[in-house]
Amino acid sequence: DSPAGRVTLEVEPEAKPSRDFRITDSHRIGQGGLHEKARDNVAAIRLLKALETENRDATGEEKAVLARYVGWGGMPNVFDYAPPEEWRNTARAVKELLTDSEYESARASTPNAHFTSPQVIEAIWNGLRRIGLAQGTQVLEPAMGVGNFFGLMPESMQGGHKTGVELDSITARIAKKLYPDSTIFAKGFEETPLPDNYFDAVVGNVPFGDYSVHDPEMERKLTRTIHDYFFAKSLEKVRPGGVMALITSRYTMDKQDETIRRHLSEHADLLGAIRLPNTAFKGNAGTEVTTDILFLRKRRAGAQPAGEAWTKLATIDSADGPIEVNEYYARHPEMMLGTMKLEGTMYRGAEPTLTGQLTPEMLSRAVSELPAGAYVPRDEGRGPPPSVLEAEAFTGIKDGGYALRDGAVVMRS
């Protein structure tokens, strides 16, 4: 009982251990050949169905089985009308395990079910830690797969709430069993009711492809390709001062059309970008594609632009001749973790490609180039809390009531 007649109770609620899964090296996430991954997928689906039938949570051992689900991005043969002989048993098992709607959802996911390797995810978290993210972060992952980003989130960043979105039914339900203390929406990003200007960080590997998304709330120019859409929509959800760390195809940075880059640069600052060689996703997802990790900080209203210029393209020299890349990479070739070449196939002409083998040392060096402390904490700029007023200031105000005093909203307690 203080002199002013106030009672202060210092009672900390008892902390409950999180039930969310933690990924370690022993889980061998993404390792193994395609047929081993297919067997792991089938085992995870079979276990999910059993857990749902028994209406119970997964045990720690069962979560390790669920976490090895990698989707069908590298195995579209499983959904062929007449699959090759070596895939027939898997195709038959999948057909028997899934309902018609689940089967069609899984089949539709094959263009984008390319889960990110733990090596790349850990580098992204290290980059966010360097930028300044700390404990208690509110995180959104708009295309989460089974949640490897959540499972590899460092202990130093735990304590906040995690929100994930996943379109494929089976994948989302596995994620819910793995991360029961997180909020997970089993629907498309465009259909998910999320608040604007809320999340401290948006992380993940966005789907990429030359097809549009229907979202009446977004400008048509921002929905023409799915990767552009995910960037624009994520920017709406992150709060000013918050950051986005998203993996996308090189076309976000390198395509001639500047629309998405101009839109993003009008509202956010590019803190840095890391280009990954086309082999970075081969082991985990069975695909070869040149990708970029973009680190963006949303600008506060009225703040002056900062960060790197990145809306234009520039020409660099290569052994195969001149190649057009984003102006950021022309200024920072050290952030391209490989060698730019022109590579073609029998189906398409010479395509700018970053070649080479990704190593932890290369990723660590690139992360160290990101600006330290660029993240703006949620409470920064609000000023100190108002001073406590004496009881006389509340004459005529009932306990628990509010009043205006010296331009501030105060409450009698």
Item to complete: Please tell me if residue 6 is modelled with pLDDT of 90 or more, of a type outside the set (A, V, I, L, M, F, W, C) and either more than 30 Å from residue 208 (Cβ to Cβ) or more than 28 Å from the chain's Cα centre (by Cα) (or both).
Response: no
Worksheet item: Which fully enclosed strands (runs of 3 or more DSSP E) of region 251-355 have 3 or more residues being modelled with pLDDT of 90 or more, among the aliphatic types (A, V, I, L, M) and open to solvent by less than 60 Å² (accessible area, probe 1.4 Å)?
Response: 268-276, 291-298, 313-316
Worksheet item: Got a sec? Which helices (runs of 4 or more DSSP H) wholly within region 92-179 have at least 1 residues that are modelled with pLDDT of 95 or more and of a type in the set (A, V, I, L, M)?
Response: 118-131, 169-178
Fill in: Filtered residues of region 254-273 (kept if of a type outside the set (Asp, Glu) and under 13 Å from residue 296 (Cβ atoms))
260, 261, 263, 264, 265, 267, 268, 270, 271, 272, 273
Worksheet item: Of the residues that sit in region 24-62 and are farther than 20 Å from residue 151 by Cα and part of a loop (DSSP other than H, G, I, E, B), which one is modelled with the lowest pLDDT?
Response: 33
Worksheet item: Yes or no: residue 65 in a loop (DSSP other than H, G, I, E, B) and β-branched (Val, Ile, Thr)?
Response: no
Fill in: Residues located in region 63-83, provided they are more than 29 Å from the chain's Cα centre (by Cα) and open to solvent by 40 Å² or more (accessible area, probe 1.4 Å)
80, 81, 82
Worksheet entry | Residues satisfying the stated conditions in region 76-100, i.e. among the β-branched types (Val, Ile, Thr) and touching a Ser or Thr at 6+ places or on another chain (Cβ under 8 Å) | 78
Discussion item. Where the second residue is of a type outside the set (D, E, K, R) and modelled with pLDDT under 55 and the first is open to solvent by less than 100 Å² (accessible area, probe 1.4 Å) and lies in region 5-30, which pairs have Cβ atoms under 9 Å and are six or more apart or on separate chains?
Written reply: 29/284; 30/283; 30/284; 30/285
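Looking at 184, 131 in this structure, which one is closer than 21 Å to residue 236 by Cα and open to solvent by 10 Å² or more (accessible area, probe 1.4 Å)?
The conditions single out 184.
The values are calculated or read from the model by the stated rules, or taken from the named source; none is laboratory data. These numbers were taken from a predicted model, which means no experiment stands behind them. Here Cβ is always computed from backbone atoms with ideal geometry, including for glycine, and neighbour counts include all displayed protein chains. Quick note on the areas: whole protein, heavy atoms, side chains included, nothing else; ligands and nucleic acids left out. Shrake-Rupley method; radii C 1.70, N 1.55, O 1.52, S 1.80 Å.
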